[in-house]
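The values are calculated or read from the model by the stated rules, or taken from the named source; none is laboratory data. Since this is a predicted model, take the numbers as computed values, not measurements. Please note: Cβ atoms are built from the backbone with ideal geometry, for glycine as well, and neighbour counts cover all protein chains shown.
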Amino acid sequence: MVNLINTLLKQDLCGIECRSFVHGKYDENFFTQIAEKNKLLILGGTDWHGKYHHPDRIFGPRGSTKKEFERLASVL
């Protein structure tokens, strides 16, 4: 996985999905640390469907935070 990420960084990777239902807490922390270290956008899934919600997140309990979403919107 690290080799793939390093290859993508050389290809001008600008963001990485850190928040997802398929990521456990370890995965979320792993990808978030990589994103922060490399100044990448921290992305979260936007296709959430369900009744659970986290007050600091958009698109459900594992989506992007409001701050992360605003940063993404500012570069689009």
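A few points about this structure:
- Total residues in segment 30-53, condition at pLDDT 75 or above, crowded, with 17+ Cβ neighbours inside 10 Å and assigned to a loop (DSSP other than H, G, I, E, B): 1
- Some residue of segment 9-22 being surrounded by fewer than 12 Cβ atoms within 10 Å (Cβ to Cβ), out of contact with any Gly (no Cβ under 9 Å at 6 or more places or on another chain), modelled with pLDDT of 90 or more and not aromatic (Phe, Trp, Tyr): yes
- Hits in segment 59-72 - residues which are more than 29 Å from Thr7 (Cβ to Cβ) and modelled with pLDDT under 75: Gly60, Pro61
- Residue satisfying condition, being at pLDDT 90 or above, surrounded by fewer than 17 Cβ atoms within 10 Å (Cβ to Cβ) and acidic (Asp, Glu), within set Asp56, Asp27: Asp27
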